[in-house]
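Input: a single structure, listed below in structure tokens.
Any read-out appearing in this document is the output of simple, stated calculations on the displayed coordinates, not a laboratory observation. Everything numeric here is computed off the predicted structure, so don't read it as measured data. Note: ideal-geometry Cβ built from the backbone for every residue, glycine included; neighbour counts use all protein chains shown.
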Amino acid sequence: MSWLDKVRNSISSLAKRDTPDELWMKCASCGEMLFIKEFEANLSVCPKCEHHGRIGAKARFDLLLDTGYTVLPTPKVPENPLNFRDTKKYPDRLKAARATNPYPDALTNAYGAVNGAKAVLGVQDFKFMGGSMGMAVGEAFVAGVEKAIAENCAYVIVTAAGGARMQEGILSLMQMPKTTVATRRLAAAGLPYIVVLTDPTTGGVTASYAMLGDVQIAEPGALIGFAGQRVIQDTIREKLPDGFQRAEYLHAHGMVDMVVHRKDLKDTLATLLGYLARKEVA
Amino acid sequence: MADDTDWKIMISFLDFEKPIAELEARIAELRATADGSDLDIESEIDKLAKKSAGMLETTYAKLSPWQKTQVARHPQRPHFVDYLRLIFTDFVALAGDRTYGEDAAIIGGLATLDGRKVMVIGHEKGHDTATRIKHNFGMAKPEGYRKAIRLMEMASKFGLPVVTLVDTAGAFPGVEAEERGQSEAIARSTEACLALGVPMVAVIVGEGGSGGAVAIAAANTVLMLEHSVYSVISPEGASSILWRTPDKAADAATAMKVTAQDLLGLKVIDGIVPEPIGGAHRDPTATARALADAVGRELDALGRLSGADLIRQREERFLAIGSL
């Protein structure tokens, strides 16, 4: 603690003031010093290089849904059935993640409207254990789809995850077919399934529900892939191509329909829902 | 494999089998010096052989998850081509994904299993340098999964049950695989399994490595060979990510619960196919027979369900995993 902080903390009226550290941040991509409030007002996109920063579920709901949306409860799942521990016990990791996140696991759904078009929106939060897909994510995904079917509306998922949650072992892997059962049911109901891939979306999440959308949207610069870059590099022992596994690269290779800037995302979704939403039976 | 003796010499022993390997070497030595006239040597050989067999049995009765991983990866473990030769007849190989290429890491085609006409699909790792390269060590690319999708859809169209034999370290991690949509191919292959209006039985025969395995294992009934493993990531991968060292693979294998016995307890699989004492590689013929009998039983049971019921049963099976 510097002498200045000591003085400041001893004066109660000054103690809660923002320190310079909390006011400014460095852009993760170009290194530009950014005024945090300005950065957030710009949807967490760097005004200099357009780097799309990672944002949480609450910010996504506010960004994409009209005011008055309802956050849906996160379904309860068995906790730690493998009694898993690595360097820490899994329940301790969960507890730590819950202490610093607003929702109880990595995927949260909200029901609302996108410019008036009703939809269930699921958002994966990378801050919650890397967005990883365990039973809670699988179960929330299924619940989100079921809500969409009940409301006769689209399911939109914003993905962000390193992959499956290793602490749940095989049970996390089984969420791949489980979530796919849900996307099939949504399709059978004739309802749209739209995927928004954000940075990063990799592993078992990409290899299941994140690649099964009727329409696939990616945010600029998002890392999207199956295998990790280090694993690939160790396998092929060559330099990876420029922009490899980035949103634009996937677009060029036919894996996503469009790369959409965050400021245009809501309007894009609304347009798509306008085309794809179930026509009311007269 | 001319006879039992030759075959035992040819077996490559795993690290934890060292005491057995030493005994076998001693037996081989004695056999080489014996001419059949020295009764002392004959009885010594007999004694050592019994001891060796006993050690093999006790060792394999209590394999650790990491040891099972090594058995599941044993270079002499029977692979898809061995099962094809030993239990399937009239095999007609079907090749290609009609989009990009033919991926020999996944083999598939029409076949007959004890009189039942089926579509059989599985990973093939290869058994020597040339075939391992040909089959890319059983690590499939998008075209492999897209071929699997094509064959599953064909099976559904013509009312043929699908049998898959899973044996892969994982889907191939490479630039081209990513460019051609490895993730999408795996996701669609899993989806194709779930859409089948015919019975599907999957057997993990060696390694069930992550998404590359589940892509052809989202079946009505999932079985595992006794010493096979099935996991979300390799124990080595989990060790380096969670423990940040490559040396904790054995701990990771235990923590992740990768064995058939663990997964039966977690209701992720429906049954275990017993292996001969000392593992499938010590008697591929007996292993294949046990596998054929188990798969046949499951196919006959599933054959009584309608297409719609088969789809529903498969859906409920996976929806239940992680539900309270």
- Task: In Å and from the alpha-carbon atoms only, list the Rg and Dmax of segment B:95-204.
- Result: 13.5, 43
- Query: Of all DSSP beta bridges in segment A:145-282, what percent run antiparallel (nearest 5)?
  - Reply: 5
- What order do you get for B:18, B:68, A:76, B:62 when you list them from fewest to most C-beta neighbours inside 10 Å? B:62, B:18, A:76, B:68
- Ratio of Rg to Rh over segment B:32-105 (Cα coordinates, Kirkwood Rh, two decimals): 1.25
- Query: Around residue A:72, what is the net charge, scoring Lys/Arg as +1 and Asp/Glu as -1 over all other residues with Cβ under 15 Å from its Cβ?
  - Reply: 0
- Message: If I measure Cβ to Cβ between cysteines in chain A, which ones have no partner under 4.7 Å?
- Response: A:153
- Message: What distance in nm lies between label points placed 7 Å from Cα along the C-beta direction at residue A:248 and residue A:115?
- Response: 2.5
- Note on the structure: Extension length gain for residue B:30 and residue B:102 (0.36 nm per residue less Cα distance), in nm, is 20.9 nm
- Note on the structure: Taking r as the C-beta separation of residue B:40 and residue B:245 and R0 as 51 Å, the FRET efficiency to the nearest 0.05 is 0.50
- Regarding the protein assembly as shown, what is the average projected area of its C-alpha convex hull, in nm²? 34.0
- Show that you can apply the helix-only estimate: for chain A, add -39,500 (n - 2.57) for every DSSP H stretch of four or more residues, divide by all residues, and state [θ] at 222 nm to the nearest 500. -10000 deg cm²/dmol
- Item | Average partner coverage of A:75-87, which counts Cβ from other chains inside 10 Å | 4
- Tell me which residues come under 5 Å, amide H to amide H, from residue B:273 once H is placed; ignore anything under 5 positions away on its chain. B:224, B:225, B:226
- Note on the structure: Note: residue B:316 to residue B:297 extended length (0.36 nm per residue) minus current alpha-carbon separation gives 4.7 nm
- Note on the structure: segment A:54-276: antiparallel bridges as % of DSSP beta bridges, rounded to 5, reads 40
- Item | Backbone HN-Hα couplings from phi across segment B:173-189 [Karplus 6.51/-1.76/1.60, Hz, Gly and Pro as x] | x, x, 4, 5, 4, 5, 5, 8, x, 4, 4, 4, 4, 5, 4, 5, 5
- Task: Please give the average number of partner chain Cβ atoms lying within 10 Å of the Cβ of each residue in A:205-216, rounded to a whole number.
- Result: 5
- Query: Most exposed first by the Cβ proxy, i.e. fewest other Cβ within 10 Å, how do A:275, B:83 rank?
  - Reply: A:275, B:83
- Task: Add +1 for every Lys or Arg and -1 for every Asp or Glu among the other residues with Cβ under 11 Å from the Cβ of residue B:17, and state the total.
- Result: -1
- Order of B:269, B:277, B:106 under a 10 Å beta carbon neighbour criterion, fewest first: B:277, B:269, B:106
- In whole Hz, with x marking every Gly and Pro, tabulate ³J(HN,Hα) for segment B:297-312 from phi via Karplus 6.51 cos²θ - 1.76 cosθ + 1.60, θ = phi - 60°. 4, 5, 4, 5, 5, 5, x, 7, 8, 6, x, 5, 5, 4, 5, 4
- Message: For chain B, what does the helix formula give at 222 nm: sum of -39500 (n - 2.57) over DSSP H segments with n ≥ 4, over the residue count, nearest 500 deg cm²/dmol?
- Response: -14500 deg cm²/dmol
